[in-house]
Amino acid sequence: MGFQTEFNSVCKFKSEQELFELLEYGRGKMVKSGFRVFPAGQKVIAYTPDNQAIAIVKILASIAEINFQGEEVTQVEMELVRKLSEEEARVQTSLAHEMFFGERTEI
């Protein structure tokens, strides 16, 4: 058991439904496996499940717990600051592929 830190500017959604709720309602949460620490109060770039930059979000809370199935999970609550413009999304996606996701794409 241990905490994995997420102190970078990436907030990657694994679920299309969680991302849809954030974009539709302006607030949402995502559930990540394992105990993690997200930077509450900070703004980060949100990415779709297929690694495309989509929005700026503010992390409101990061709650690590053991669920009813005995799994270590972290719930991250956030609010939408704004969606990225097409140009911003293109540049952020390219940078993230090189820095975080391990793939290089052309801008």
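The values are calculated or read from the model by the stated rules, or taken from the named source; none is laboratory data. Remember, predicted model here, so these are calculated numbers, not experimental data. Reconstructed Cβ throughout: ideal geometry from the backbone, glycine too, with neighbour counts over all protein chains shown. Surface areas here come from the heavy atoms of the whole protein model, side chains and all, with no ligands, DNA or RNA. Shrake-Rupley method; radii C 1.70, N 1.55, O 1.52, S 1.80 Å.
Is it the case that V44 is part of a strand (DSSP E or B), open to solvent by 20 Å² or more (accessible area, probe 1.4 Å) and either touching a residue at least 12 places away in the same chain (Cβ under 8 Å) or under 21 Å from V73 (Cβ atoms) (or both)? Here the answer is no, as V44 does not meet what is asked. For the stretch 49-72, filtered to residues that are polar (S, T, N, Q) and either at pLDDT 95 or above or open to solvent by 70 Å² or more (accessible area, probe 1.4 Å) (or both), the residue that is farthest from the chain's Cα centre (by Cα) is Q69. Of everything in the stretch 80-107, what is modelled with pLDDT of 85 or more, open to solvent by 60 Å² or more (accessible area, probe 1.4 Å) and touching a helix residue (DSSP H, G or I) at 6+ places or on another chain (Cβ under 8 Å)? Give them in sequence order. The answer is K83, and nothing else.
In the stretch 6-46, how many are in contact with a Leu (Cβ under 6 Å, 6 or more places away or on another chain) and under 15 Å from F101 (Cα atoms)? So the answer is 1. Being among the polar types (S, T, N, Q) and open to solvent by 70 Å² or more (accessible area, probe 1.4 Å): is that true of Q75 here? Here the answer is no, as Q75 does not meet what is asked.
The single condition from (1) on the phi > 0 side of the Ramachandran plot; (2) under 13 Å from the mean Cα position of the chain (by Cα) that A46 fails is (1). Looking at the stretch 84-102, is at least one residue in a strand (DSSP E or B) and under 15 Å from the mean Cα position of the chain (by Cα)? Scanning the stretch 84-102 turns up no residue that is in a strand (DSSP E or B) and under 15 Å from the mean Cα position of the chain (by Cα).
Summed over the stretch 27-54, residues that are of a type in the set (A, V, I, L, M, F, W, C) and within 18 Å of Q92 (Cβ to Cβ) total 5.
Considered as a group, the residues in the stretch 1-38 that are assigned to a loop (DSSP other than H, G, I, E, B) and either of a type in the set (A, V, I, L, M, F, W, C) or crowded, with 16+ Cβ neighbours inside 10 Å (or both) include one that is modelled with the highest pLDDT, and that residue is F13.
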